[in-house]
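*Asks:* Please see the structure below; I have some questions.
The values are calculated or read from the model by the stated rules, or taken from the named source; none is laboratory data. Quantities reported herein were computed from a predicted structural model and do not represent experimental measurements. Backbone-built Cβ (ideal geometry, glycine too); neighbour counts: all protein chains shown. Note: accessible area is taken over every heavy atom of the protein model, side chains too, but ligands, DNA and RNA are not part of it. Shrake-Rupley method; radii C 1.70, N 1.55, O 1.52, S 1.80 Å.
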Amino acid sequence: MAESRTPLLDELEKGPWPSFVTDMKKLAQRKPAVQDALGQLEMSYRDKKGHWKHGGIVGVRGYGGGVIGRYSDVGDVFPNVAEFHTMRVNQPSGWFYTTEKLRQLCDIWEAYGSGLTNFHGSTGDIILLGTVTQNLQPAFDALSEAGFDLGGSGSDLRTPSACVGPARCEWACIDTLDICHDLTNTFQDELHRPMWPYKFKLKIAGCPNDCVAAVARADLSVIGTWRDSIRIDREAVREYADGGLDVERAVVNRCPTGALSWNAEKKELGLKAEECNRCMHCINMMPKALCPGVERGATLLIGGKATILQTAFLSWVIVPFMKLEPPYEELKDLLRRIWEWWDENAKTRERVGELIYRKGMREFLRAVGLPPAPQMVFRPRANPYYFWWPEELEGNGHKEQG
Amino acid sequence: MSRTDIGPPYFKDMLPPVIKENYGRWKYHEILRPGVLRHVAESGAEIYSVRVGSARLMTVDRVREICDLADKYCDGYLRFTSRHNIEFLVSDKNKVEPLLRELKEKGWPVGGTGNSISNMIHTQGWIHCHTPATDGSGIVKAVMDDLYEYFVDMKLPAKLRIALACCLNMCGAVHCSDIAMVGIHRKPPVIEHDIVSKQCEIPTLIASCPTAAIRPNPKLKSVEVNEERCMYCGNCYTMCPGMKIADPENDGVAIFVGGKVSNARTPPMFSRLAIPYLPNNPPRWPEVTAAVRKLVEVWARNARQGERYGEWIERIGWERFFELAEIPFTDKHIDDFTFAIPTFRTAATFKW
Ligand code: SF4
Ligand code: SF4
Ligand code: SF4
Ligand code: SF4
């Protein structure tokens, strides 16, 4: 047997987890680009460094984003990956597919690309990895024909994503999938034609469990919640207790607000609804017995991002509660106001959270027309250095000293 | 000319009939066994979801194999989770067991539910990005091979979310994971003046540095770096290919712990530095996989039932965590970046 050309990568064929190396080797038999991608990756494993250059600008007609240019710095050794661009394809809300649609995608990427994919990229798009410049337009045309469109990249609205929501989760307080689809379609221009200071991410979670990490990863995080009381099925609570769940220890004592109480004799759960902060703990523990209330909507938070540059932010509450029903005009209007203020004031590559941090929350709230509320802070400031608006002072600001 | 701005395929066209019929009217769910969920609707209808780990980096052949299975057992419907798992959506109860059997035969890992380790969120690494300090898919494969038993079983105190980012750009929610691996550099960029002067916009480059470490060098029409101020973030390299930050000898992996995004019990938290540096050691990163396993197990041994990683550490105190995890505490662990002060202890209460 001939000696393997990828001795290091071969080590990743061992072990129980699915091996991308095994899969790539199979595909490499009919795809020279995959053969070379393996070769270059093996080189990276040997050199302990990447071999891709900075992307050049490539794209398809009518779009400013959605395609990431990628060139090898060892293209002479691996000519079939000298150009190895990525296409980002907007996923259906909640990442639901029919096999028919997935097979169409596979056939298109078999015809026009390397046949390598990610399901899915960090932002949520389907990632089609690796093709040459001249195949981009034909690939896009075929995708479009099959009913797919590109996702975002660069300084634009990045592809919104949503948790599984009402399609299969009993806790969804909002229609995450529909909101995601509706906003994505409303803001196609913002998604496809970068024109902002930097990227803007939008994620929609159906409840405070936040299965899409909206609070950490989205500039605007939409998190479903409710305003009234958790609903309790007393009989089902008793069944949990009879089934061996230590309700007092595992549920009641771990409620962060002391809103719950337990009558062990009667096996009855007490709830002071006004004390509950809707953290989801008790509901997660007893899904058959407890569920969110009926007055449902979302909390909106702003500014979440990873560490680059100044620090990581978790999003901050800016709207404690908003009802979200189609056509979601209140949310859309707010988004437009936020983008306008950010676009006008931000420096290049300044995320909206960083801008708010630089300018102050009060400037932001006033500019977008949101009233301050105690739900926006864990605690108020401890220093006395705050600003007044001119109209809040007698005689319109500083009087001339006579 | 093809149509533009048509938006994504309509999700409702992708839903199995039982989901369409019970949309928004699910009553409860239960985990029948690791990787198998049963959702019950108010109408009494049910759907079974079988969760399977994937490598994320998949070939079209793999995707077609998934489609074959979904055609055979799920009337052609499936979905992916936010953590790169595949979920086979089985409407017919009788097809669950045969599907599980075939998955087992084919070697697919079934699990990732409840008190388990779910699939790892991760980034591109050497297969496709230009700024990585380490690989993505390869470390994930090595770590998930090693932690396989925790994916296919639910024997941990709570769920555990692991993530990896191959550079400090940190695509993915790694900064809020129970355990996060991050590719890091440890030396300032080496400046290639001819590239900087020819290809880069100097003012933008200077502005890109978070610590203002970059100064103009008018003589060379390039820049210079105040090395004392540089914390190796690589942002300058993202802006300009002449700022070579990659350094095979010194690049490696840092590990952060204790983050979460859910609001359950405690508010979302950032992950915090546990291990400042481990060497890049492809193809299987033995130092990293061993460290992650140790971190998983020290939590599994010591945490109370239902306690997430960060909740456990906050209860026992970080000083106790470092002792239990046998990780030396260094000056690297004490923050000296932009928002450091709130992390300093201002109370005389701590443990030995
Ligand atoms: S975020 Fe809430 S509603 Fe959405 S899938 Fe998770 S638990 Fe369900
Ligand atoms: S949701 Fe959280 S705060 Fe509210 S009652 Fe349940 S455990 Fe307590
Ligand atoms: S984390 Fe860094 S290296 Fe990895 S894919 Fe993202 S930008 Fe590229
Ligand atoms: S690596 Fe980061 S800190 Fe260092 S010079 Fe470049 S941008 Fe500045």
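*Asks:* Output ³J(HN,Hα) for the stretch A:162-170: one whole-Hz value per residue in order, computed from phi by the Karplus curve 6.51 cos²θ - 1.76 cosθ + 1.60 with θ = phi - 60°, and x for Gly and Pro.
*Replies:* Whole-Hz 3J(HN,Hα) from phi for the stretch A:162-170: 9, 6, 4, x, x, 5, 7, 10, 6.
*Asks:* Turning to a different aspect of this structure: Relative contact order for chain A using alpha-carbon pairs under 8 Å, separation at least 6, rounded to a whole percent? Don't skip to the end; give the middle numbers.
*Replies:* Working: 721 pairs, mean separation 42.3, N = 402.
Taking the mean separation of contacting Cα pairs over the length of chain A, I get 11 percent.
*Asks:* Sticking with this structure for a sec: For A:Lys49, go through the aspartates and glutamates and keep the ones whose alpha-carbon is under 15 Å away, minus same-chain ones fewer than eight residues off.
*Replies:* Within reach: A:Asp73, B:Asp135, B:Asp247, B:Glu249, B:Asp251.
*Asks:* Something else: Identify all lysines with a Cα-Cα distance to A:Lys101 below 18 Å; exclude those on the same chain that are fewer than 8 residues away in sequence.
*Replies:* Partners within reach: B:Lys12, B:Lys20, B:Lys72.
*Asks:* I need the Debye-formula profile for the stretch A:48-132: one equal scatterer per C-alpha, no solvent, reported as log10 I(q)/I(0) at q = 0.26 1/Å, two decimals.
*Replies:* Values returned for q = 0.26 Å⁻¹ are -1.35.
*Asks:* Here's another thing I want to ask about it. Under 5 Å between amide H atoms, partner at least 5 residues away or on a different chain: which partners does B:Thr113 have, H built in plane at 1.01 Å?
*Replies:* Long-range HN contacts for B:Thr113: B:Gly35.
*Asks:* Averaged over peptide B:174-180, how many Cβ atoms belonging to another chain are found within 10 Å of each residue's Cβ?
*Replies:* Values: counts 7, 11, 9, 2, 0, 0, 0.
Mean partner-chain Cβ count within 10 Å for B:174-180: 4.
*Asks:* Applying the Karplus parametrisation 6.51 cos²θ - 1.76 cosθ + 1.60 with θ = phi - 60° to the phi angles of the stretch B:334-342, what ³J(HN,Hα) value in whole Hz is obtained for each residue in order, glycine and proline being reported as x?
*Replies:* Each residue's phi maps through the Karplus curve to give 8, 5, 9, 9, 5, 10, 6, 3, x Hz.
*Asks:* Expressed as a whole percent, how much of the Cα-Cα distance distribution for the stretch A:35-91 exceeds 14 Å? Could the numbers behind the result be given before it?
*Replies:* Details: 908 of 1596 pairs.
Distances greater than 14 Å cover 57 percent of the Cα pairs.
*Asks:* Applying a 10 Å radius around every beta-carbon, put A:97-104, A:293-300, A:160-167 in order of their mean neighbour count, most first. Let's see the in-between values first.
*Replies:* Numbers: A:97-104: 20.6, A:293-300: 19.0, A:160-167: 29.1.
Packing proxy ranking, top to bottom: A:160-167, A:97-104, A:293-300.
*Asks:* Near the amide H of A:Trp262, under 5 Å away, which other amide H atoms are found, from residues 5 or more places off or on another chain, if H is placed in the peptide plane?
*Replies:* The answer is A:Gly270.
*Asks:* Once you sort the root eigenvalues of the Cα gyration tensor of chain A as a ≥ b ≥ c, which label holds: rounded (a/c under 1.5), prolate (a/b larger than b/c) or oblate (the other case)? The partial results should precede the final answer.
*Replies:* Values: a/c = 2.20, a/b = 1.37, b/c = 1.61.
Since a/c reaches 1.5 but b/c is at least a/b, the shape of chain A is classed as oblate.
*Asks:* Let me ask something else. With bins 10 Å wide starting at 0, give me the P(r) of the stretch A:216-284 over every alpha carbon pair, in whole percents.
*Replies:* Here the calculated profile for the stretch A:216-284 is 18, 48, 22, 10, 2.
*Asks:* Can I ask one more? Which of the lysines could be linked to A:Lys266 by a straight reach, that is with a Cα gap under 20 Å, when you skip same-chain ones fewer than 8 residues away?
*Replies:* Partners found: A:Lys288.
*Asks:* Quick check: residue separation of B:Leu32 and B:Tyr10 times 0.36 nm, minus the Cα distance between them. What number comes out in nm? It would help to have the intermediate numbers written out before the result.
*Replies:* Working: separation 22, 0.36 × 22 = 7.92 nm, distance 3.08 nm.
Going from the current span to full extension adds 4.8 nm.
*Asks:* Averaging sequence separations of C-alpha pairs under 8 Å and six or more residues apart, then dividing by the length of the stretch B:36-189, give the relative contact order as a whole percent. Please report the intermediate quantities before stating the final value.
*Replies:* Working: 285 pairs, mean separation 30.4, N = 154.
Over the stretch B:36-189, the number comes to 20 percent.
*Asks:* Turning to a different aspect of this structure: What relative contact order, as a whole-number percentage, does chain B give when Cα pairs under 8 Å and 6 or more residues apart are counted? All intermediate terms of the calculation are to be shown ahead of the outcome.
*Replies:* Details: 668 pairs, mean separation 42.7, N = 352.
About 12 percent, as a whole number.
*Asks:* A further question follows. If you take the C-alpha gyration tensor of chain B, multiply each eigenvalue by 5 and take the square root, what semi-axes do you get, largest first, in whole Å?
*Replies:* On the way: eigenvalues 333, 156, 68 Å².
Equivalent ellipsoid semi-axes, largest first: 41, 28, 18 Å.
*Asks:* Quantify how strongly other chains surround peptide B:139-151 by giving the mean number of their Cβ atoms within 10 Å of each of its Cβ atoms.
*Replies:* Whole-number average of other-chain Cβ neighbours for B:139-151 is 3.
*Asks:* Would you grab the residues whose amide H sits under 5 Å from the one on A:Val317? Only those 5+ places off in sequence or on another chain, please, with H modelled 1.01 Å from N.
*Replies:* For A:Val317, the qualifying residues are A:Ile302.
*Asks:* In degrees between 0 and 90, to the nearest 10, how far off the longest principal axis of chain B does helix B:286-302 point, with axes built from Cα atoms?
*Replies:* 60
*Asks:* How far is helix B:96-106 tilted, in degrees, relative to the longest principal axis of the Cα atoms in chain B, given as a value from 0 to 90 rounded to the nearest 10?
*Replies:* 50
*Asks:* Here is a follow-up. Between A:Glu13 and B:Glu21, what is the label-to-label distance in nm when each label sits 7 Å out along the Cα-to-Cβ direction?
*Replies:* Placing both labels 7 Å along Cα→Cβ, they lie 4.7 nm apart.
*Asks:* Using a/c under 1.5 as the rounded threshold, could you call the stretch B:231-301 rounded, prolate or oblate? The axes a ≥ b ≥ c are square roots of the C-alpha gyration tensor eigenvalues, and prolate needs a/b larger than b/c, oblate otherwise.
*Replies:* Details: a/c = 3.51, a/b = 1.45, b/c = 2.43.
It is oblate, given that a/c is not under 1.5 and a/b is not larger than b/c.
*Asks:* Using the heavy atoms of the protein chains alone and a 1.4 angstrom probe, what is the accessible area of chain B per residue in square angstrom? Before the final figure, lay out the partial values.
*Replies:* On the way: 14230 Å² over 352 residues.
Value returned for chain B: 40 Å² of accessible area per residue.
*Asks:* Cα extents of the protein assembly as shown along the three principal axes, largest first, in whole Å?
*Replies:* 91, 77, 62
*Asks:* Could I ask something else about it? Taking the highest mean first, how do the peptides B:223-235, A:321-333 order by number of other beta carbon atoms within 10 angstrom per residue? Walk me through the intermediate numbers first.
*Replies:* On the way: B:223-235: 17.6, A:321-333: 14.8.
Ranking, from highest mean packing down: B:223-235, A:321-333.
*Asks:* Sorting check: for B:318-325, B:12-19, A:376-383, which peptide has the highest mean count of neighbouring beta carbons within 10 Å, and how do the rest follow? Don't jump to the answer; show the numbers that get you there.
*Replies:* On the way: B:318-325: 16.9, B:12-19: 19.9, A:376-383: 8.5.
Per-residue mean Cβ counts within 10 Å order the peptides as B:12-19, B:318-325, A:376-383.
*Asks:* How big is the dipole moment of the stretch B:1-89 about its Cα centre under a simple scheme where the beta carbon of each Lys and Arg is +1, that of each Asp and Glu is -1, and everything else is neutral? Debye, nearest 20, please. Walk me through the numbers on the way to the answer.
*Replies:* Details: 14 positive and 12 negative charges, 54 e Å.
Computed about the Cα centre, the dipole is about 260 debye.
*Asks:* Okay, moving on. Output the 0 to 90 degree angle, nearest 10, between the alpha-carbon long axis of helix B:137-146 and the longest principal axis computed from the alpha carbons of chain B.
*Replies:* 60
*Asks:* A further question follows. Summing both sides, how much accessible area is buried between B and A? Use a 1.4 Å probe and give Å² to the nearest 100. Working shown, then result.
*Replies:* Values: alone 19240 and 22070 Å², together 31250 Å².
Using a 1.4 Å probe, the pair buries roughly 10100 Å².
*Asks:* Count the lysine pairs in the stretch B:221-352 whose Cα atoms lie under 21 Å apart, taking only pairs 8 or more positions apart in sequence or on different chains. Don't jump to the answer; show the numbers that get you there.
*Replies:* Details: B:Lys221/B:Lys244; B:Lys260/B:Lys294; B:Lys294/B:Lys332; B:Lys332/B:Lys351.
Pairs that pass both the separation and distance tests number 4.
*Asks:* Mind checking the mean number of beta-carbon atoms from other chains within 10 Å of the Cβ atoms in A:122-133?
*Replies:* Working: counts 14, 2, 2, 1, 3, 4, 1, 6, 2, 0, 0, 0.
Partner-chain Cβ atoms within 10 Å, mean over residues of A:122-133: 3.
*Asks:* Determine which residues of the stretch B:199-237 fall in the zone a paramagnetic label at B:Asn250 would reach in this model, i.e. backbone nitrogen under 20 Å from the point 7 Å along Cα→Cβ.
*Replies:* Residues B:209-215, B:223-237 fall inside that zone.
*Asks:* Hey, another quick one. If you take the beta carbon distance between B:Thr266 and B:Phe339 as r and set R0 to 22 Å, what does 1/(1 + (r/R0)^6) give as a FRET efficiency, to the nearest 0.05?
*Replies:* Working: r = 20 Å, r/R0 = 0.89.
Working from the Cβ atoms, E equals 0.65.
*Asks:* Mind scanning A:Lys31/B:Lys104; A:Lys14/B:Lys187; A:Lys199/B:Lys219 and naming the pairs with a C-alpha gap bigger than 31 Å?
*Replies:* Beyond 31 Å: A:Lys14/B:Lys187; A:Lys199/B:Lys219.
*Asks:* Relative to the isolated chain, which residues of the stretch B:73-116 have their accessible area cut by 40 Å² or more in the presence of all protein chains (1.4 Å probe, heavy atoms, no ligands or nucleic acids)?
*Replies:* B:Leu78, B:Arg79, B:Phe80, B:Ser82
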